[in-house]
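This report concerns only the one structure given below.
The values are calculated or read from the model by the stated rules, or taken from the named source; none is laboratory data. Being a predicted model, the structure only gives us computed values, none of them experimental. Don't worry about glycine lacking a Cβ; one is built from the backbone with ideal geometry, like all the others, and counts go over all protein chains shown. Remember, those area values only see protein heavy atoms, side chains included, never the ligands or the DNA or RNA. Shrake-Rupley method; radii C 1.70, N 1.55, O 1.52, S 1.80 Å.
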Amino acid sequence: MALTAPPSAAHGAGSRTSAGPDGERSPFARLTELLAPYQPGQPLITLSLGEPQHPVPDFVGPVLAKHIAEFGRYPIARGIEPFRRAAATWMGTRFNLPRALDPETEVLVLNGSREGLFFAAITAARFVGPRKGTPAILLPNPFYPAYGAGARAAGCEPIFMPTTVANGFLPDLDALDEATLARTVAMYVASPANPQGAVATPAYFRKLHDLALRYGFIVLSDECYSEIYTQAAPGSMLASAGPDYANVVAFQSLSKRSNLPGMRVGFVAGDKKFLSAFHELRNVAAPQVPGPLQQVAIAAYSDEAHVEENRRLYRLKFDLADQILGNRYGYKRPAGGFCLWLDVSAHGGDEEATVRLYRDGGVRVVPGSYLARPQADGSNPGAGYIRLAMVQDSETTAEALHRLVKILN
């Protein structure tokens, strides 16, 4: 499939509304509309939303209670120094970085990685400056919706790079031509990828970094799933970005790592010049992170026991998927993340399979086409797939997978 900017008339499956083409809308809003005419045929099991359901770590309550008075003060935008130091220390311990991060200049707190990924696109467009042609932002396709929203807010043309089984579910860097690279201000990359769970190698990261340096764009590396894996630990783009981390920033979050999706704390680390500009924008436009939540994050980044237990629970569920799904639906145990990306093209397609699973089995999943955009040739790299988030407990997950096999077969 070729790279593409979105044609004005093209949109994915589903109806066009006043909010714009379906590709501009939340995939979950579209899913709600798709399933609205039906009732779940069995007790509902929700696997559509990537919201971790494992227990909240025990230390969260006591730390919040200890620092409750800090809710009475405005937080500083860059984050308290102990948080930035904890984040920098964790990155240096977890990843094989070329040097230690400077918590004063190379780390910023975020109100969850989503807002950071969004505002980073706006910063990149300003930071990089004029391009040779219409400024563009490169996105994997399928992609996390915040990427597309960021590109639009930045006034840049989104260029969608299909991630398919043929290219290992990562953007094909060799498909990028000189003209496109010359007008690129930023590229989003996700490793582990959402939804397919593909993990980029150090060689892939180095190649991407070389392109970023040569053409002067910023790499926005979404690494929020890096701590969810069942075999080898995924690496960070920063490990392949040289000692000054030029043109690269990596985003992290506690949502997946520590089962704290409602706490909204993460951070971005890397190129200090970019982060200085990023801080200037966030200081006037972005949400601040309350002090007590940063204190919880300090405790979270200082403890690996709850993360190891988290991985153990996911490993058990992927063991179940190995047993129940076998080689059906193109299933292969993903290298990272907690999602299944199943090929249902031989079972009516992604929308039909989604409806059947909900209507007949009470299992709620997301059509893959809702997570992607059509390419120039009209194909949608998410079409024919469904995404399941393995966030429920093992018993519930096993029940959902058994229902899926029974209904689709």
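What to note about this one:
- Residue among Arg315, Arg311, Arg257 that is basic (Lys, Arg) and either open to solvent by 30 Å² or more (accessible area, probe 1.4 Å) or more than 25 Å from Ala400 (Cβ to Cβ) (or both): Arg315
- Boolean, Phe59 is buried (at least 21 other Cβ atoms within 10 Å of the Cβ), farther than 24 Å from Gly197 by Cα, in contact with a helix residue (DSSP H, G or I) (Cβ under 7 Å, 6 or more places away or on another chain) and not small (Gly, Ala, Ser): no
- Every pair of residues 6+ apart whose Cβ atoms lie under 6 Å, when the first sits in segment 273-289 and is under 17 Å from Arg84 (Cβ atoms) while the second is at pLDDT 95 or above and open to solvent by 60 Å² or more (accessible area, probe 1.4 Å): Phe274/Phe127; His279/Arg78
- Of Glu33, Glu70, all but one fail to be closer than 30 Å to Ala372 by Cβ, at pLDDT 95 or above and open to solvent by 30 Å² or more (accessible area, probe 1.4 Å); the exception is Glu33.
- Criterion (among the β-branched types (Val, Ile, Thr) and more than 20 Å from the chain's Cα centre (by Cα)) met by exactly one of Val284, Val249, Val268: Val284
- Residue in segment 288-297 that is open to solvent by 60 Å² or more (accessible area, probe 1.4 Å) and within 30 Å of Ala153 (Cα to Cα) present: yes
- Gly349, sole failed condition from (1) among the small types (Gly, Ala, Ser); (2) more than 26 Å from Pro234 (Cβ to Cβ); (3) surrounded by fewer than 18 Cβ atoms within 10 Å (Cβ to Cβ): (3)
- Of all residues in segment 234-241, at least one satisfies being more than 25 Å from Ile159 (Cα to Cα) and open to solvent by 10 Å² or more (accessible area, probe 1.4 Å).
- Checking each residue in segment 213-229 for being surrounded by fewer than 22 Cβ atoms within 10 Å (Cβ to Cβ) and of a type in the set (A, V, I, L, M, F, W, C) picks out only Leu213.
- Considering segment 325-361, the residues that are within 24 Å of the chain's Cα centre (by Cα) and free of Cβ contacts under 8 Å to residues at least 24 places away in the same chain include one that is farthest from Arg257 (Cα to Cα), namely Tyr331.
- Hits in segment 260-272 - residues which are surrounded by fewer than 24 Cβ atoms within 10 Å (Cβ to Cβ) and out of contact with any helix residue (DSSP H, G or I) (no Cβ under 8 Å at 6 or more places or on another chain): Gly262, Lys272
- Breaking point among (1) open to solvent by 40 Å² or more (accessible area, probe 1.4 Å); (2) under 19 Å from Phe28 (Cα atoms), for Gly382: (1)
- Test: residue in segment 114-129 that is among the aliphatic types (A, V, I, L, M), open to solvent by 50 Å² or more (accessible area, probe 1.4 Å) and within 25 Å of Arg78 (Cα to Cα): no
- Looking only at residues in segment 385-409 that are polar (S, T, N, Q) and open to solvent by 20 Å² or more (accessible area, probe 1.4 Å), the one that is nearest to Tyr329 (Cα to Cα) is Asn409.
- Residues located in segment 187-212, provided they are in contact with a Leu (Cβ under 7 Å, 6 or more places away or on another chain), open to solvent by 10 Å² or more (accessible area, probe 1.4 Å) and not aliphatic (A, V, I, L, M): Tyr204, Lys207
- Within segment 158-186, residues that are surrounded by 24 or more Cβ atoms within 10 Å (Cβ to Cβ) reach partners that are assigned to a loop (DSSP other than H, G, I, E, B) and of a type in the set (Phe, Trp, Tyr) with beta carbons closer than 8 Å, at six or more positions or on different chains, in the pairs Phe160/Phe143; Thr163/Phe169; Thr184/Phe217; Val185/Phe217; Ala186/Phe217.
- In segment 200-217, the residues that are touching a residue at least 24 places away in the same chain (Cβ under 8 Å) reach residues that are hydroxyl-bearing (Ser, Thr, Tyr) and not in a helix (DSSP H, G or I) with C-beta atoms within less than 7 angstrom, at least six apart or across chains, in these pairs: Ala200/Ser191; Tyr215/Thr184; Phe217/Thr184.
So that you can scan it fast, the table gives a plain yes or no per residue for (1) touching a residue at least 12 places away in the same chain (Cβ under 8 Å); (2) of a type in the set (Ser, Thr, Tyr); (3) touching a His at 6+ places or on another chain (Cβ under 7 Å):
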{"site": "Arg78", "(1), (2), (3)": "yes, no, yes"}
{"site": "Pro82", "(1), (2), (3)": "yes, no, no"}
{"site": "Thr93", "(1), (2), (3)": "no, yes, no"}
{"site": "Ala100", "(1), (2), (3)": "yes, no, no"}
{"site": "Leu108", "(1), (2), (3)": "yes, no, yes"}
{"site": "Arg114", "(1), (2), (3)": "yes, no, no"}
{"site": "Phe118", "(1), (2), (3)": "yes, no, no"}
{"site": "Phe127", "(1), (2), (3)": "yes, no, no"}
